[in-house]
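The values are calculated or read from the model by the stated rules, or taken from the named source; none is laboratory data. Since the model is a prediction, treat every value here as computed from it, not as a measurement. Glycine also receives a Cβ, built like all others from the backbone with ideal geometry; neighbour counts cover every protein chain displayed. To get the accessible areas, we keep the full protein, side chains included, count just its heavy atoms, and leave off ligands, DNA and RNA. Shrake-Rupley method; radii C 1.70, N 1.55, O 1.52, S 1.80 Å.
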2 protein chains.
Amino acid sequence: MSSENPTRRKILNAAWTLLEQGGSQIRMSDIARAAGISRQALYLHFPSRAELLVAVTRHLDEEKDIDARLAESRNATTGQARLAAFIAAWGNYIPEIRGVARALMAMADSDAEARAAWDDRMDAVRQGCAAAVTALARDGQLDPALDEGRATDLLWGLLSVPLWIQLRETCGWSQEAYLAEMQRLAGRALLAEG
Amino acid sequence: MSSENPTRRKILNAAWTLLEQGGSQIRMSDIARAAGISRQALYLHFPSRAELLVAVTRHLDEEKDIDARLAESRNATTGQARLAAFIAAWGNYIPEIRGVARALMAMADSDAEARAAWDDRMDAVRQGCAAAVTALARDGQLDPALDEGRATDLLWGLLSVPLWIQLRETCGWSQEAYLAEMQRLAGRALLAEG
DNA sequence: TGGTAGCTTGACGCCATGTCAAGTGAGAAT
DNA sequence: ATTCTCACTTGACATGGCGTCAAGCTACCA
């Protein structure tokens, strides 16, 4: 796929590394230097900073094989198992895309293209939430106080990147604590009592 | 307090109006035009964009009298009542500061001063969360799976501005739906079962 | 009459993104 | 060996924010 071009790969890896380390304020010149090419040469491969960031996320999806990870949750038999598997899969993916996610979210405020790209990816997460909620509803486990749309929104919000950042980075939770708490919280939020 | 200077007030009100309407990308020149003065004159009143935004939040706190609103939750007798009152008070304050909050959060990525100011305000919210959690614990209502710190972090996360934005703006929830769901969710998340 | 406070206009430096033009060097094609 | 082409380099430049500076205007005050 995107592995054709070696320079392109160097750029994407350099950008990814920098984004994971530094804040979201990485400049094009930083990426160029880290990739060992001139700043202008970046524009031979990516038309803009936004598209470079988007390409980094796609590159990560490939390298980390997010599809395979989510497959497990799709194969779960019960609704509860599907919910738990989805939370684990996505919750464990967030730390790996944390850097790019921050940069893309920061850019989304000012750049329509970045915004569209981020929204698109979050829509995919929402699909996963919706599928888990539907499975719960099918099993009759969904809290009657919630319709499926409302429940999906709620789960999507609980699994949002900003909340992950707040709990893990601001509050200093470990990844294990985050996952455990999210599993517990999602269960309490969505499941019928009893 | 800050009401001394009429031009200063004009600036703060203009900035506030613009921030509530437009995105977080309001420029100094926009604010100046809306306030009816020159761009350079802004700097006679505020040393930087960051400090202007911070001043807007303080100005809002004064105008909207956030202290009085929170007083109600402090006067609640039971822990549950205190929790409910705090969620209502803060949850109803968010829409009023939404614009400035967005701008300040966007700026926090790149500007240390903006970041410090925002963190400071969020710390105050955390205090409120901690007080509610402590009241619950005192009543023996806190879920034994949670210690007070963990519970406070959780409540703080649930009441975070990004989550409000996602549910209300991205998902299109009404303010009433947001409040109702938060009340329900906070109860489920924090209270002992039964 | 003179001073001062608060504003205006116009120009400038800084810094990031993105563009353009001219060159260089290695490898392929002939 | 010559030529062509591709990927890159260097250097310069436009654009558009923020923030600063200098000089001038005006209304009010002593």
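Some notes on this structure:
- Meeting the requirement of 3 or more residues that are within 14 Å of chain A (Cβ to nearest Cβ) and away from DNA strand C (no atom under 16 Å from the Cβ), the helices (runs of 4 or more DSSP H) wholly within region B:36-111 are B:79-108.
- Neighbours by Cβ (under 9 Å, 6+ apart or cross-chain): first from region A:77-94, touching a residue at least 12 places away in the same chain (Cβ under 8 Å); second open to solvent by 20 Å² or more (accessible area, probe 1.4 Å) and acidic (Asp, Glu): A:Thr78/A:Asp139; A:Gly79/A:Asp139; A:Gln80/A:Asp139; A:Ala85/A:Glu72; A:Phe86/A:Glu72; A:Ala88/A:Glu72; A:Ala89/A:Glu72
- Scanning region A:131-153 for residues that are within 13 Å of the chain's Cα centre (by Cα) and at the interface with another protein chain (Cβ under 9 Å from one of its Cβ atoms) turns up nothing.
- The residue that is farthest from DNA strand D (Cβ to nearest atom), among those in region B:1-35 that are away from chain A (no Cβ under 14 Å), open to solvent by 70 Å² or more (accessible area, probe 1.4 Å) and under 22 Å from the mean Cα position of the chain (by Cα), is B:Met1.
- Listed by first and then second residue, the pairs with beta-carbon distance under 6 Å, at least 6 apart or on different chains, first residue in region A:42-69 and over 18 Å from A:Val125 (Cβ atoms), second open to solvent by 60 Å² or more (accessible area, probe 1.4 Å), are A:His45/A:Arg8; A:Ala50/A:Glu113.
- Selection count, region A:66-89, where residues are buried (at least 21 other Cβ atoms within 10 Å of the Cβ) and out of contact with any Asp or Glu (no Cβ under 7 Å at 6 or more places or on another chain): 5
- Residue match in region B:163-175 (condition: more than 10 Å from chain A (Cβ to nearest Cβ), free of Cβ contacts under 8 Å to residues at least 40 places away in the same chain, of a type outside the set (A, V, I, L, M) and over 23 Å from B:Met122 (Cα atoms)): yes
- Selection within region B:112-130 - free of Cβ contacts under 8 Å to residues at least 60 places away in the same chain, within 14 Å of another protein chain (Cβ to nearest Cβ) and either open to solvent by 40 Å² or more (accessible area, probe 1.4 Å) or out of contact with any Phe, Trp or Tyr (no Cβ under 9 Å at 6 or more places or on another chain) (or both): B:Ala112, B:Arg115, B:Ala116, B:Trp118, B:Asp119, B:Asp120, B:Asp123, B:Arg126
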